[in-house]
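Novice: For reference, the structure I am asking about is given below.
Please treat every number below as a calculation from the coordinates, not as lab data. Small disclaimer: the values here were computed from a predicted structure and weren't measured. Virtual Cβ from ideal backbone geometry, glycine too; neighbours counted across all protein chains shown.
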Amino acid sequence: MREVILVLNAGSSSLKFALFELAAAGVAQQALLSGQLDGLGARAHFKCKGANGEIVAESEPALAADPARAHRGALAFLLDWLATHNENLHVCAAGHRIVHGGSRYSAPQRITPALAEELDGLVPLAPLHQPHNLAAVGALAALRPELPQIGCFDTAFHRSQPPLAQMFALPRALSEEGVRRYGFHGLSYEYIADVLPQHLGARADGRVIVLHLGNGASLCALRGRKSIASSMGFTALDGLMMGTRCGNLDPGVLLYLMQYRGLGVEGLSDLLYKRSGLAGVSGISQDMRTLEASAEPAAREAIELFCYRIVREIGSAAAALGGLDALVFTAGIGQNSARVRERVCTGSAWLGLAFDAEANTRHAACISTPDSAVTALVIPTDEEWMIARHTAKMLAQ
Ligand code: AMP
């Protein structure tokens, strides 16, 4: 029997999973299996890949159409599929990506009923993600009550930020109630902080900005490989422009929309989370690949705005750091879009970044010239592996 850790990332209509084998030295970095169930609550689709990315299974399982029971049905299907198609694997623990750990949790936690209830109290802080993350926890506890479940929080890594970086200029009582900057994508930043010495040696402990540019996008300022500031704040809406989210916005726009356009909570939420960003500005797509392939001026402008906003936020993060030693690109766009990296690096030349266009075009790991004061790197992130490692560590305690 091979002991494996099941990593789960549950969204509103999807359940992403990965299985990592426990090894003597921790957790094997390569997932044995990974994939997802999507279309939950409607027409479910299951896809699973092997260690080399080859598709090992694909089907359209008949799951409960009731969205409230979607995660339970998806997990029951997944556990059953694993048991029948991979008899030699034994799931010994599950690690969950949980978006919010509030201001209390700066590290992963074993999920007890009491903790699940406490995390449920944070739903108002992340209404689009937290309920689904917790639904998967509850469903798995019902299906496999004996299985240890570990919660890994997207906010945890940012708890090292100084108090000022976590404050809004709002009345103190609101801050005490929890209206403060939390920061997200923490598992991605933690992974990058972990591998940074392999790329930068002792300079990894210097002033570094990591750009997590995927469908969701944010940046994190690291010093001593700890988060000292981030572009996302109270929710995952703040900061950079994203696939469908607006990023930084004058709060006066919200007042205007409420007062003169009659938008309520639902309308605003839909606008800011789902109809803005690359999708809203281009009117074409939220997907960077589609926009890069388009000759439409609106697609070009959406990409330009995406890059312009990043360059501005880099300036802000560099100010928080008091300068810059390295800039790291990661996630779907950061790892793959040479065009976005070029715009961002040339826009950051004033910080001392000398861009190597040729290295960028061939997707090299280092895209700055050898004499550049700021080193620009492309490092693939691995949030699932980070969760698997945390889970293994918690099991060993
Ligand atoms: P993620 O959320 O990290 O999976 O990133 C998704 C984003 O990465 C989408 O906007 C994709 O269009 C973008 N992306 C993935 N591959 C490429 C590519 N080869 N070139 C440009 N963008 C890409």
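Novice: Explain nothing, just compute: Karplus ³J(HN,Hα) = 6.51 cos²θ - 1.76 cosθ + 1.60, θ = phi - 60°, for every residue of region 47-54 in order, whole Hz, x for Gly and Pro.
Specialist: Couplings: 9, 9, 10, x, 4, 9, x, 6 Hz.
Novice: For region 121-220, state which GluC sites (Glu not before Pro) are in a DSSP loop and have at most 10 other beta carbons lying within 10 Å of their beta carbon.
Specialist: Passing both the DSSP loop test and the Cβ count: E146, E177.
Novice: Please report the relative contact order for region 35-178, taking Cα pairs under 8 Å with a sequence separation of at least 6, and give it as a percent rounded to a whole number.
Specialist: So the answer I get is 23 percent.
Novice: Shape of region 226-265 from its Cα gyration tensor (a ≥ b ≥ c, root eigenvalues): rounded if a/c is under 1.5, otherwise prolate when a/b > b/c, or oblate?
Specialist: Prolate is the answer for region 226-265, as a/c is 1.5 or above and a/b outweighs b/c.
Novice: Also, quick follow-up: Find the centroid of the Cα atoms in region 1-37 and in region 339-374, then give the distance between the two in whole Å.
Specialist: Rounded to whole Å, the Cα centres lie 34 Å apart.
Novice: Just how many % of Cα pairs in region 66-201 lie over 22 Å apart, if you round to the nearest whole percent?
Specialist: So the pairs more than 22 Å apart make up 48 percent of the total in region 66-201.
Novice: Could I ask something else about it? Take every DSSP beta bridge whose two residues both sit in region 39-164, then give the antiparallel share in percent to the nearest 5.
Specialist: Rounded to the nearest five, the antiparallel share is 55 percent.
Novice: Shifting gears a bit: Among A141, I228, P124, pick out the residue whose Cα is farthest towards the positive end of the charge dipole of region 113-249, where Lys and Arg carry +1 and Asp and Glu carry -1 on C-beta, about the Cα centre.
Specialist: Farthest towards the positive pole: I228.
Novice: Separate question: How much of the DSSP bridge set in region 1-94 is antiparallel, in percent, rounded to the nearest 5?
Specialist: So the antiparallel bridges amount to about 85 percent of the total.
Novice: For L89, what residues show an amide H to amide H distance below 5 Å, using hydrogens built from the backbone and excluding near sequence neighbours?
Specialist: Amide H neighbours of L89: R2.
Novice: Another question, if that's okay. Does region 336-383 classify as rounded, prolate or oblate by the C-alpha gyration tensor (a ≥ b ≥ c root eigenvalues; a/c under 1.5 gives rounded; else a/b over b/c gives prolate, otherwise oblate)?
Specialist: The shape class here is prolate.
Novice: Same structure, new question: Got a sec? How would F17, F46 order by Cβ neighbour count within 10 Å, fewest to most?
Specialist: In increasing order of surrounding Cβ atoms, one gets F46, F17.
Novice: At what distance in angstrom do the alpha carbon centres of region 376-390 and region 157-191 lie from each other?
Specialist: For region 376-390 versus region 157-191, the Cα centre distance is 22 Å.
Novice: If Lys and Arg each add +1 and Asp and Glu each add -1, what is the summed charge of the other residues whose beta carbon sits under 10 Å from the beta carbon of A57?
Specialist: Residues close to A57 contribute a combined charge of +1.
Novice: What ranking of D382, D38, D120 emerges when the number of other C-beta atoms within 10 Å of each C-beta is taken as an exposure proxy, fewest first?
Specialist: Arranged by neighbour count, lowest to highest, D382, D38, D120 become D120, D38, D382.
Novice: Rounded to the nearest 20 Debye, what is the dipole magnitude of the chain about its Cα centre when Lys and Arg each give +1 and Asp and Glu each give -1 at the C-beta?
Specialist: 540 debye
Novice: Using alpha carbon centroids, what distance separates region 249-302 and region 196-214, in Å?
Specialist: 31 Å
Novice: When the expected Rg is taken as 2.2 N^0.38 Å, what fraction or multiple of it is the alpha-carbon Rg of the chain?
Specialist: 0.99
Novice: Among D270, D154, which comes first, then next, by fewest other beta-carbon atoms within 10 Å?
Specialist: Ranked by crowding around the Cβ, least crowded first: D270, D154.
Novice: Calculate how many DSSP beta bridges within the chain are antiparallel, expressed in % of all such bridges and rounded to the nearest 5.
Specialist: In the chain, approximately 65 percent of DSSP beta bridges are antiparallel ones.
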